[in-house]
Amino acid sequence: MAQQVQGVIARAKGEPVRIETITVPDPGPGEAVVKVQACGVCHTDLHYREGGINDDFPFLLGHEAAGVVESVGEGVTEVAPGDFVILNWRAVCGQCRACLRGRPQYCFATHNAKQKMTLADGTELSPALGIGAFAEKTLVAAGQCTKVDPAASPAAAGLLGCGVMAGIGAAINTGDVGRGDSVAVIGCGGVGNAAVVGARLAGAARIIAVDIDDKKLETAKGLGATHTVNSRSTDPVEAIRELTGGNGADVVIEAVGRPETYEQAFYARDLAGTVVLVGVPTPEMKIELPLLDVFGRGGALKSSWYGDCLPSRDFPMLIDLYRQGRLDLDAFVTETIALEDVEKAFERMHHGDVLRSVVMF
């Protein structure tokens, strides 16, 4: 039987979000209903509200979540009712050209639930990233549920559903940071600081955090940065070179998503080094670089999609590290809030004083 629950809805571009009653259908074949326990307030949700993703309003926001599977549909074998899961937006299909080439982390046809959740009047909702977890319960494709150790804190575990995984994966998966490497991270918000943590986990010898906010740099230092650079007052390219023997870093991770910071990342890397773009640019942004410099500096220019993660592989491993005390996911939870405080959390994002606000149910 379909259920009615409360969820956070964005009805129109730029309008404040509101809590409304939504209808969650019973799971169909390949689907699951999840009772949400925690959901992080991610900048992507604000992008949806602002019309920066698409204009398929109304949106059911929220996607960075953990919870317990309540029921599953026909044919579901990967999870069962009672399983503690992290929700992900990369439910690999197993059939696309990326999957068939053994690269499921690049799956081009990831699954979402086929049924639609609706408002009380029957209006169909567009769930953020196919998840819609600012709600007491949500309907997802079963492949969007990754089972992990239930002893993990839901507030911390859910952050692997997007931002923290994006940053850690940018270092470990996309950047392929290795033992003894030098790494620079430009932009130390939630994703950038997660990249700092990823570089530390990978054994980087020197981790240089770059930002214009001293508070963020202090946070980065607490998470493993060995050096910090305030780029408001210091040329970050020169500073990174100076800290790496005049050469530049082996891996530079750009976690801002702006042309000027990408150019800094490009010139702050060593010859044959790697640039990883994990910050999300807007459609109108363009970058112009001398083609001879692109050729002459060698190396690799990469974009990191969701930290190039494979949830079934990466989520359980990272939760194990968290449970062992080797990965401090709790450090990313700045505050826990109620469902009705999501709009206020969006406002706090602009002040730069939170890594993550997390809605608790």
Report summary line: Stretched fully, the stretch from residue 350 through residue 230 gains (0.36 nm per residue minus C-alpha distance, one decimal, in nm) 41.3 nm
Report task. Could you count how many Lys pairs in the chain have their Cα atoms under 27 Å apart, skipping same-chain pairs fewer than 8 positions apart? Result -> 22
Query - Using θ = phi - 60° and Karplus 6.51 cos²θ - 1.76 cosθ + 1.60, couplings along segment 325-342 (whole Hz; Gly, Pro as x) - result: x, 9, 9, 8, 5, 4, 5, 8, 8, 6, 7, 10, 9, 8, 4, 6, 9, 4
Query raised in the report: How big is the gap, in Å, between the Cα center of segment 204-238 and the Cα center of segment 7-37?
Result: 38 Å
Requested in this report: Round to the nearest 10 and give me the degree value, 0 to 90, for the angle of helix 214-223's Cα axis relative to the longest principal axis of the chain.
Outcome: 80 degrees
Query raised in the report: How far, in degrees from 0 to 90, does helix 311-323 lean away from the longest principal axis of the Cα atoms of the chain, to the nearest 10?
Result: 80 degrees
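Using the heavy atoms of the protein chains and a 1.4 angstrom probe, tell me the accessible area per residue for the chain in square angstrom.
Details: 15410 Å² over 361 residues.
Dividing the accessible area of the chain by its residue count gives 43 Å².
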Query raised in the report: According to the square roots a ≥ b ≥ c of the eigenvalues of the Cα gyration tensor, what is the shape class of segment 220-259, taking rounded for a/c under 1.5, prolate for a/b larger than b/c otherwise, and oblate for the remainder?
Result: rounded
Query raised in the report: When the accessible area of the chain is computed with all protein chains present and a 1.4 Å probe, what percentage of it is carbon and sulfur?
Result: 49 percent
Query raised in the report: Taking the simple approach of a point 7 Å from Cα along Cα-to-Cβ for both residue 53 and residue 93, what is their distance in nm?
Result: 1.9 nm
**Report entry** Selected from 123, 138, 228 as most flexible by GNM, with the chain as the system and alpha-carbon contacts under 10 Å
**Finding:** 123
Report summary line: Amide H neighbours of residue 303 at under 5 Å, excluding residues fewer than 5 places away on the same chain, with H built from the backbone geometry, are 277
Report summary line: Sorted list, accessible surface of protein heavy atoms, 1.4 Å probe, largest first, for 269, 11 is 11, 269
Query raised in the report: Each residue of segment 166-171 in turn: what ³J(HN,Hα) in whole Hz from Karplus with 6.51, -1.76, 1.60 and θ = phi - 60°, glycine and Pro shown as x?
Result: 4, x, 4, x, 4, 7
Report task. Before anything else, pin down the relative contact order of the chain: Cα pairs under 8 Å, at least 6 apart, normalised by residue count, whole percent. Result -> 17 percent
Query raised in the report: Counting DSSP beta bridges in segment 86-215, what percent are antiparallel, to the nearest 5?
Result: 40 percent
Requested in this report: Pull out a ≥ b ≥ c, the square roots of the eigenvalues of the alpha-carbon gyration tensor of segment 73-157, then state rounded if a/c is under 1.5, prolate if not and a/b is larger than b/c, and oblate in the remaining case.
Outcome: oblate
Report summary line: Checked segment 184-250 against the a/c 1.5 cut and the a/b vs b/c comparison, axes a ≥ b ≥ c from its Cα gyration tensor; verdict oblate
Report summary line: For segment 1-159, the dipole about the Cα centre with charges only on Cβ (Lys and Arg +1, Asp and Glu -1), to the nearest 20 debye, works out at 480 debye
Query raised in the report: Listed highest first by mean packing, meaning other Cβ atoms within 10 Å per residue, what order do 74-83, 198-207, 323-332 come in?
Result: 198-207, 323-332, 74-83
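The values are calculated or read from the model by the stated rules, or taken from the named source; none is laboratory data. Owing to the predicted nature of the structure, the values given are computational and were not obtained by experimental measurement. Every residue, glycine among them, receives a Cβ derived from its backbone with ideal geometry; neighbour counts consider all protein chains shown. Side chains are part of the model used for accessible areas, which takes the heavy atoms of the whole protein and leaves out ligands, DNA and RNA. Shrake-Rupley method; radii C 1.70, N 1.55, O 1.52, S 1.80 Å.
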